[in-house]
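Nothing in this text is a laboratory measurement; each read-out follows from the coordinates by a stated rule. None of the values given here were measured: they were computed from a predicted structure. Note that we place each Cβ from the backbone using ideal geometry, even for glycine, and neighbour counts take in every protein chain shown.
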Amino acid sequence: MPALVIPLERLPLGATGKLDRRALPVPEWTAPTAGTGGRPPRTGAEQTLAAIWCERSACPKSARTTTTSRSAATPSSASRVVAAARRAGLALTPRHLFTHQTLAELAAVAEPLTDTTGAAAEQGPVSGDAPLTPVQHWLLDTLTGDPAHFSQTVSFELAAEPDEALLRAVLSAVLEHHDALRMRFVRLGDGRWRQYGAPPGDHDVHLEVHDRTAPEEVADALGAGFDLAGGPLLRAALCRAGDGGRRPVLLLAAHHLVVDAVSWRLVLEDLDAAYDALRDGGRPALAPKSTSFRTWARRLAEHTEAGGFDGELTYWRGLDDAAAALPV
């Protein structure tokens, strides 16, 4: 749902017939009109969410003073708002942003951050054995080829040259905070896989620094051939700014067993927050941890073994017959 709609007689087009974005009018934000029923945020939760929403949605500053600002979101923006709320100590889910359409309603359902059982989540590093989740079974047991090469790589052009020592410290802090990034996968003699979380350590920090190598060349090698048993499963490379006005580029590669499209955003926000804090002489204060991956995997396995999904078996087994009747 757009935050603002600007009617135009026609869209400005360039010489090739494509939209000329630079010719679009600049949005003019206005304060909420009288009689809309808005009121200033009263509780701490309302104030926190109003500030987060404006920061994440580029809304006008006047919206900080009313709890009627609509909280409509896309799945992508919802994840960012939820992550920011968690860092502020408020427990929300993306579903809340779609079912509670104003900041006042959101604040009413936001609770102090705890895990899903109501008990405080483990805040220290979590290590030890964890059962494979269904998607991990699929990746390791059914995919053809070497599972070590199933990775994701992202790259970022930086505004300024980062401090290498700070960057290493930030990577260490994020690896300690996100237990799943320290997972290891060992293939046993009977063909089964063992998954366990390694304790945090400096050996997990993999940071390469390149002075004259093109980022594209670095990316190919960075995301290839992970050592699933020995780690690390997250790698970073800094390509320093070279001649010709090129900006520095930070590359991150991780095995798909420990990261996906949603978790990337959380990891990147923590990297950014930790770097700013360390650069300013503080400590990398990251968001409080929620339920650990190991706890989630164990609960999922226990739920399955207790017959929690047995009621769905008939439906899934019937899909084989239904699929055969689909037109080609």
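Structure data summary
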item: Value of relative contact order over the stretch 128-285, rounded to a whole percent, pairs C-alpha under 8 Å and six or more apart; result: 30
item: Sequence-distant residues sharing a close amide H with residue 258 (under 5 Å, placed H); result: none
item: Alpha carbon centroid spacing (whole Å) that separates the stretch 205-234 from the stretch 87-102; result: 36
item: Stokes-Einstein diffusion coefficient of the stretch 220-328, Kirkwood radius over Cα pairs, 10 °C, 1.306 mPa s, in µm²/s; result: 84
item: Antiparallel DSSP beta bridges within the stretch 197-328, as percent of all bridges there, nearest 5; result: 60
item: For residue 249, net neighbour charge (Lys/Arg +1, Asp/Glu -1) across residues whose Cβ lies under 9 Å away; result: +2
item: Under 13 Å, Cβ to Cβ, from residue 183 - net charge with Lys/Arg +1 and Asp/Glu -1; result: 0
item: Two-site label geometry, residue 276 and residue 154: point separation in nm, points 7 Å out along Cα→Cβ; result: 1.6
item: The stretch 128-285 - Rg over Rh from alpha carbon coordinates, Kirkwood radius; result: 0.99
